[in-house]
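Every number here is computed from the coordinates shown, using simple stated rules; none is lab data. Please read these numbers as outputs of a predicted model, since none were measured by experiment. In this analysis, Cβ positions are derived from the backbone assuming ideal geometry, glycine residues included, and neighbour counts consider all displayed protein chains.
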Amino acid sequence: MAHVYELYDLIYKKYVFFNFFITLGLDRYWRRICLKKIYSVTPKPRRVLDICAGTGDMTMLLEKKFNSAEIYALDANKNMLSIAEKRLRRTHLVNSQLSDMPFDDNFFDLIVISFATRNIFYDKDLNSSLREIKRVLKNGGFFISLETTNYESSFMNFFMNIYVSTMIGIVNFFNPNYREAYMFLKSSSLRFNAMVFADRLKNFFSDVCCVKLFPGCVSIHISKK
């Protein structure tokens, strides 16, 4: 997984802008919808962890929504966290690998990951990462993921492929140094399947459910320890 983290060294300065560009701003809409889902299942968490927090887009929303909670943001890439540090007000920033987090057992009421689930899903340490998430989560706590997903329909996947390839192509044309990073993001986003991930979650968590968001290529997974 170290190679994945290194790819973000290439794009961290423009990561927020290109996310907005590629999704036509829908990434912000999806995060807000996810936040509503989070609040509906756990309205008053005491400790919240945003894993693979990157530049802090979701962490900012968590800060505002849960203003009395202790918020932590964890990422293995220092450069991404350096951007997050400038955007966050009261979050504890933690530079660490996901598979070996520096927290006690049963420490968090809520753990969130947004648009980085693919990074752990395609890593050989997926089970180790899910086991570690479960370890630091309290009994009765929630692990919630927000991620893009491919469609069940091959017809819709065809058009999704065209759209993603076009947008990534534009990014790479104007920023050829970003090519390797965004080709990985393209490949992983087109292959990730929400239902397959839900099945993997069931090996570690209970009450697993998956909710699709407009226009059907984004999913929220809610699971409980």
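Results, tabulated for the structure shown:
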| quantity | calculated |
| --- | --- |
| Neighbour-count order for His221, His92, fewest beta carbons within 10 angstrom listed first | His92, His221 |
| Proximal charge balance of Val171 [Cβ under 14 Å; K/R count +1, D/E count -1] | +3 |
| FRET E, pair Phe17, Tyr122, Förster distance 30 Å, beta-carbon r, rounded to 0.05 | 0.75 |
| Dipole of the chain [Lys/Arg +1, Asp/Glu -1 at C-beta], most positive-end residue of Ala194, Ala76, Pro43 | Pro43 |
| Unsatisfied cross-links (Cα-Cα over 31 Å) in the set Lys65/Lys138; Lys65/Lys124; Lys65/Lys202; Lys138/Lys186; Lys64/Lys124 | Lys65/Lys124; Lys138/Lys186; Lys64/Lys124 |
| Computed magnitude of the charge dipole of the chain (debye, nearest 20; Cβ of K, R +1, Cβ of D, E -1) | 660 |
| The chain: equivalent-ellipsoid semi-axes (sqrt of 5 x gyration tensor eigenvalues, Cα, Å) | 26, 20, 17 |
| Cα gyration tensor, segment 50-101 - rounded (a/c under 1.5), prolate or oblate | oblate |
| Computed helical MRE - 222 nm, the chain, DSSP H runs ≥ 4 contributing -39500 (n - 2.57), nearest 500 | -14500 deg cm²/dmol |
| Candidate aspartates and glutamates for bridging to Lys225, where Cα separation is under 13 Å - those fewer than 8 sequence places away on the same chain excluded | Asp105, Asp109, Glu132, Asp207 |
